[in-house]
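**Q** Got a structure for you, written out below as structure tokens; questions coming shortly.
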Amino acid sequence: MARFGQLVALVGPSGSGKDTLLAGLARACPDLHVARRTISRPASAETEPYESVIPEQFAALRADGAFALHWQAHGLFYGIRHRELVPLQDGRVVIFNGSRRALPGIIAYQPDVRVITVTVPPDLLAARLAARGREDADEIAARLKRTDLALAGHLTSGVVWNDGTPEEGIARLVELLQPVNA
């Protein structure tokens, strides 16, 4: 009988570098599966590879049961399709860019999900948010106020301090995942 894999949610504030870490992790650990999200946001080459849909399409997909996991954050809808979790059935690790606010639903779906938090100093986070140019100063200030969103009641499997180069952050994430990936 095949061993069921491990689901890992990578969470942290917008701008903490989750997408960069996941892209590097995919290169460093090809046996891991980085789940591709479906997002109600126009396609962009500047972020993670994701399936872009309009909100009405997202609602229809959700109503049809296409998503194993779904949540709403920052005015957008996010989902992980069932097909993205199939590698779990082969004993593989599946990791995805999640949301701290979505953790109750994620844990309800997969109680033994590992939650890894990505964090950066507030000044670096503010600079990253400003550099990506998606929000104005007031929106950035609001995001910074949410950076301390508590994970109370949710077990975390570790923290990746992502305050250096992308390579340093990726190495920290790979190291943290070693017990899962062994």
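The values are calculated or read from the model by the stated rules, or taken from the named source; none is laboratory data. Treat the numbers as computed from the prediction; the structure is a model and nothing was measured. With ideal geometry, Cβ positions are generated from the backbone for all residues, glycine too; neighbour counts draw on all protein chains shown.
**Q** Looking only at the stretch 36-59, count every residue that is in contact with a helix residue (DSSP H, G or I) (Cβ under 9 Å, 6 or more places away or on another chain), in a strand (DSSP E or B) and either free of Cβ contacts under 8 Å to residues at least 12 places away in the same chain or not polar (S, T, N, Q) (or both) and tell me the total.
**A** Residues in the stretch 36-59 being in contact with a helix residue (DSSP H, G or I) (Cβ under 9 Å, 6 or more places away or on another chain), in a strand (DSSP E or B) and either free of Cβ contacts under 8 Å to residues at least 12 places away in the same chain or not polar (S, T, N, Q) (or both): 2 in total.
**Q** Just checking, how many residues over the stretch 145-167 are surrounded by 13 or more Cβ atoms within 10 Å (Cβ to Cβ), at pLDDT 70 or above and over 19 Å from PRO122 (Cβ atoms)?
**A** Going through the stretch 145-167 one residue at a time, the tally reaches 3.
**Q** Among the residues that make up the stretch 120-130, is at least one of them surrounded by 18 or more Cβ atoms within 10 Å (Cβ to Cβ) and outside any helix (DSSP H, G or I)?
**A** Yes, there is a match, as at least one residue in the stretch 120-130 is surrounded by 18 or more Cβ atoms within 10 Å (Cβ to Cβ) and outside any helix (DSSP H, G or I).
**Q** Looking only at the stretch 46-57, decide whether some residue is closer than 23 Å to LEU103 by Cβ, among the hydroxyl-bearing types (Ser, Thr, Tyr), at pLDDT 95 or above and in contact with an Asp or Glu (Cβ under 9 Å, 6 or more places away or on another chain).
**A** No, the stretch 46-57 contains no residue that is closer than 23 Å to LEU103 by Cβ, among the hydroxyl-bearing types (Ser, Thr, Tyr), at pLDDT 95 or above and in contact with an Asp or Glu (Cβ under 9 Å, 6 or more places away or on another chain).
**Q** A further question on this structure: Examine the stretch 94-107 for a residue that is of a type in the set (A, V, I, L, M), closer than 20 Å to ARG172 by Cα and touching a Leu at 6+ places or on another chain (Cβ under 8 Å), and state whether such a residue exists.
**A** yes
**Q** Quickly run through the stretch 18-35 and pick out the residues that are part of a loop (DSSP other than H, G, I, E, B) and either within 17 Å of HIS74 (Cβ to Cβ) or among the hydrophobic types (A, V, I, L, M, F, W, C) (or both).
**A** Correct list: CYS29, LEU32, ALA35.
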